[in-house]
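Everything below concerns the one structure shown next.
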Amino acid sequence: MDDVEIYIKHQVFRPRALLSISLSVTAAFPLLYSYLLLGTVDLFHPLQFIMSLFGSVFTAVLYWMLVTVILFFTLAYRITFYKVMNEKLSSPMERLSLALSRSSILLAFLHGFSSFLVACVLTSMIGGRYTDLLVECHTTHRCLNEEKWFIVLFCTIIGFIFSMEMAASGGYSLCFYSTEKPVMKRLKDVLPSLVKASTRAVRRASIVYYPAYILFGSSTVKLARRVLFLDDDDSMGLKSWWSFFDLTLLYQMYIAGVLVRFTWALSLFFFHACVTMRARFELCDTTTGASLLAALQLKQDNLTKMLAFKDLAMIASTCEDDRRARIFSLSMPGGHPKTWSTILSVTKGSLTELLQRLESTNEKLLSAYKGIISHQASKIETIKPGFHNPGAAKQASNVGGWRPTLLYKAYSDSLAGEVFHDGQKYIWSLTALSSLITRSVTEDKYGIVQQSLGEILVLLLSIHQAIESLFKMAPSLAKAVEEEDVNRRSHLVGVKLREQAKLSLEPIASTFQPHIEHIAGMTTEQMKQLRSFAR
């Protein structure tokens, strides 16, 4: 492990992971207090309920301490399962294999068991008939309180399902945000969606759980009695069909399930938001090991490298950052632009890799489309502009002079996973190069950027053309972001990458508009394309 990786692990990742756990544990208190109020609300005695609000705070504090222990150990263990890059998830079978992996199953059982313990604490906090899971019955031994078991089992399933869903959808992969915001401001933006997702998931699960428990609940009760060595006594059970229509019981089950799922979702958000915050590197640091250039040149796309790309984009685009001046400086002795050369080599290599991936994908789609058309027409030329279809000219694209109109809806998930699963790195590369080139007009005293300007612009134009061709051949890539059955994170990154490919050219074209014809290494057609981006 390199020095910069050791530095990020000890000085960045661990403190931020502990911060995310602390925020999750702290947020559990208002959630517990809200649950206590919702669970004990008494509309028929409002004055008595209002008087008990202050006493409920002390009760919530005591039970919050128990929940804190459960959450701390669970979240501390869960952070070892994080992944830096989004999963490709090219097919349903890949999702299934990912969910059924050993680590995913182990983590799902951990979430289920922790949800079981949290649910026991929640129902005990409500009191009344939900206080104890094991109660005294008419025999000399203890019996199972099936009403509490009904709620606790539901919360256990909710925790298990949440973990499996996150594993199958790549939810344990870090979500890097394009913009930098404080954690609490970001929470304000996502809080409504977290609540909506939790209530919707619990509502769907309850629709299945309720009839399933009526049919098979007795088996789970017998199993629990055997595991806990309890008597087979039905005096504390749901003794009749009418017991399952107890609205109070269903209400307690629902709010407990929502709180459990929302707690796990909120803790996952805190982890993503804290760990992916910007980390400040030094350009060439040899004392602490926090070298930006060393992090950018790492072979593996790990957390250190991703944070380095993010910091590079912020250096290039932030006006107040004094480190940008050193990028345009010359090394002493020697007088060579080593810093700029290293950054250019890394970003160009990254974007060249993206271009090759886009071109390869376009070729595959083109071949697939021709294969489909060959079954419907004898010649592919029938769809070319101006041939048998007069309206086809309007559909022409940059790929082969024609535009396939087939919606590749069936391939949208596969395309997003294969092409855009690591797209955030390329977004930062585009941002960094565009900002550095634009600012070099006033900040580059030695003209080091001008030496490779034409080569960079040709690469940026090629990427823009390739990604536009991809979205024209597979328009469902842009539309699938709103759907629930796709890897929405990769789709969203793809949409942002398309936008950034255009945005990276606009300031350059506007800045160099009077001098575009003098840029070496560009053809007349490329110069014309670049002028079209000028604002």
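The values are calculated or read from the model by the stated rules, or taken from the named source; none is laboratory data. Just so it is clear, the structure is predicted and the values come from calculations on it, not from any experiment. So basically every Cβ, Gly included, is an ideal-geometry build from the backbone, and we count neighbours across all protein chains shown. Quick note on the areas: whole protein, heavy atoms, side chains included, nothing else; ligands and nucleic acids left out. Shrake-Rupley method; radii C 1.70, N 1.55, O 1.52, S 1.80 Å.
Close Cβ contacts (under 7 Å, 6 or more residues apart or on different chains) running from residues in region 443-460 that are over 15 Å from His336 (Cβ atoms) to residues that are surrounded by fewer than 14 Cβ atoms within 10 Å (Cβ to Cβ) comprise Glu443/Ala325; Gly454/Ala520; Gly454/Gly521; Glu455/Gly521; Val458/Gly521; Leu459/Thr352.
Residues in region 164-204 that are of a type in the set (Ser, Thr, Tyr), in a loop (DSSP other than H, G, I, E, B) and open to solvent by 40 Å² or more (accessible area, probe 1.4 Å): Ser169, Tyr177, Ser178, Thr179. Criterion first (modelled with pLDDT under 85 and open to solvent by 50 Å² or more (accessible area, probe 1.4 Å)) does Gly128 satisfy it? Taking the combined requirement at face value, the residue satisfies it. Based on this model, can you work out whether Gln529 counts as open to solvent by 40 Å² or more (accessible area, probe 1.4 Å), part of a helix (DSSP H, G or I) and without any contact (Cβ under 8 Å) to a residue 60 or more places away in the chain? No: the conditions fail for Gln529. Within region 470-478, identify whether any single residue is at pLDDT 85 or above, of a type in the set (S, T, N, Q) and surrounded by 16 or more Cβ atoms within 10 Å (Cβ to Cβ), and answer yes or no. No, region 470-478 contains no residue that is at pLDDT 85 or above, of a type in the set (S, T, N, Q) and surrounded by 16 or more Cβ atoms within 10 Å (Cβ to Cβ).
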